[in-house]
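What follows is a single structure, written as structure tokens, with notes after it.
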Amino acid sequence: MGDWIARALSGGSPGLDPDSPLVRFEFAHPLEVWHWAVVVGGAVLLGWWSYSRLEGSRWVRTAAGAVRAAVLLMLVVLLCGPRLVEVKENVERDWVLVLIDRSASMGIVDAPGGGASLRTREAQMRAVLEKASPAFAKMTAERTVKWLGFDAGAYDLPMAGGTRPLLEDPRGRRTDLGAAIEAALAKGAARPIAGIVVLSDGRTTGGSALPRTLVKRLA
């Protein structure tokens with residue numbers, strides 16, 4: 001494609017490479033196929049009718065009619081707005097927010113240990129996390145997994161190996177699940193959130209019910 005044609009169709013946009021596979025030709029106001037059939041037929045008919053009754057050589061009248069038909073077609077093409085457009089696609093992966101309870105209540109020894117003995121809620125949570133590690137690994141390959149700790153609020157957890165969170169002993173003095181989910185949603189603002197996973201003993205400050213405004217936001 002000539003440089004001057006490329007510049008005209010690109011509207012003078014700098015950096016637009018007409019030979020790029022991302023650049024395509026299109027009309028700003030496209031017509032249907034049958035519209036083009038009517039336009040072509042009308043232009044040919046008008047060009048023939050304009051010179052059919054005039055005197056002179058037949059081939060001259062035919063050539064003049066063809067030129068007029070071509071000019072009419074060119075005007076229609078220009079009115080449709082031919083242009084070159086560069087198409088860029090960015091794939092935004094879904095986010096999964098994983099909230100892990102880091103409050104001191106996770107250190108209470110009252111969780112079943114698989115036998116007669118009891119273990120801490122933290123040990124039970126870590127066992128669940130270890131058992132679900134294949135599912136989280138698969139999820140990480142398909143989505144962006146955001147690991148967050150929470151007590152009175154939510155905060156980023158350091159990562160061990162890139163796919164597993166590094167968990168220290170839980171020391172939080174309060175557990176506010178509603179505020180933690182609100183903070184997690186703020187971190188994922190403007191992101192497509194596929195789901196929220198909460199690993200907790202279920203104890204939360206101010207009762208177990210989430211704020212009504214938060215429930216509506218999640219819905």
**Study point:** Where only C-alpha atoms are counted, convex hull volume of the range 50-93 per residue in Å³
**Key:** 89 Å³
Study note, to complete from the structure: Listed residues Ala123, Ala160, Ala69; largest mean-square fluctuation, Gaussian network over the chain with Cα springs below 10 Å, found at Ala69
Exercise for review: Please compute the Cα-Cα pair-distance distribution of the range 51-132 with 10 Å bins starting at 0, giving whole percents from short to long.
Suggested key: 13, 18, 10, 8, 7, 7, 8, 8, 9, 8, 4, 0
**Study point:** Fraction of antiparallel bridges per DSSP, the range 46-164 only, in percent to nearest 5
**Key:** 50 percent
Practice item. Compute, for Val198, the solvent-accessible surface of its heavy atoms (probe 1.4 Å) with the complete set of protein chains present, and express it in square angstrom to the nearest 10. Key: 60 Å²
Check your understanding: Of Arg53, Arg102, Arg24, which has the largest mean-square fluctuation in a 10 Å C-alpha GNM of the chain?
Key -> Arg53
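Report the extension gain between Asp156 and Val197 in nm, rounded to one decimal, defined as 0.36 nm multiplied by the number of residues separating them, less their alpha carbon distance. Write out the running numbers ahead of the final one.
Numbers: separation 41, 0.36 × 41 = 14.76 nm, distance 1.46 nm.
Stretched fully, the Asp156-Val197 segment lengthens by 13.3 nm.
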Practice item. Determine the sum of side-chain charges near Val145: Lys and Arg each +1, Asp and Glu each -1, restricted to other residues whose C-beta is under 11 angstrom from that of Val145. Key: +3
Exercise for review: Excluding residues fewer than 8 places away in the same chain, name every one of the lysines whose C-alpha is closer than 22 Å to that of Lys187.
Suggested key: Lys146, Lys216
Point to revise | Candidates Leu166, Leu97, Leu148: whichever shows maximal mean-square fluctuation once the chain is modelled as a Gaussian network with Cα springs under 10 Å | key: Leu166
Check your understanding: Can you pull the three principal axis extents for the Cα set of the range 79-219, in Å, largest first?
Key -> 81, 35, 22
Revision key, fill the gap. The chain accessible area per residue, 1.4 Å probe, protein heavy atoms, integer Å², reads 66 Å²
Review point. For helix 177-187, what angle does its Cα long axis make with the longest principal axis of the chain, in degrees from 0 to 90 and rounded to 10?
Key: 30 degrees
Check your understanding: Once you wrap a convex hull around the alpha carbon atoms of the range 139-219, what is its projected area averaged over all directions, in nm²?
Key -> 6.0 nm²
Exercise for review: Search the structure for amide H atoms under 5 Å from the amide H of Gly172, placed 1.01 Å from N in the peptide plane, and list their residues when 5 or more places away or on another chain.
Suggested key: Ser103, Ala104
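The values are calculated or read from the model by the stated rules, or taken from the named source; none is laboratory data. Here the structure is a predicted model, which means the values were calculated and not measured. Counting neighbours? That spans all protein chains shown, and the Cβs are built from the backbone with ideal geometry, glycine included. Areas reflect the complete protein model, heavy atoms only, side chains present, ligands, DNA and RNA absent. Shrake-Rupley method; radii C 1.70, N 1.55, O 1.52, S 1.80 Å.
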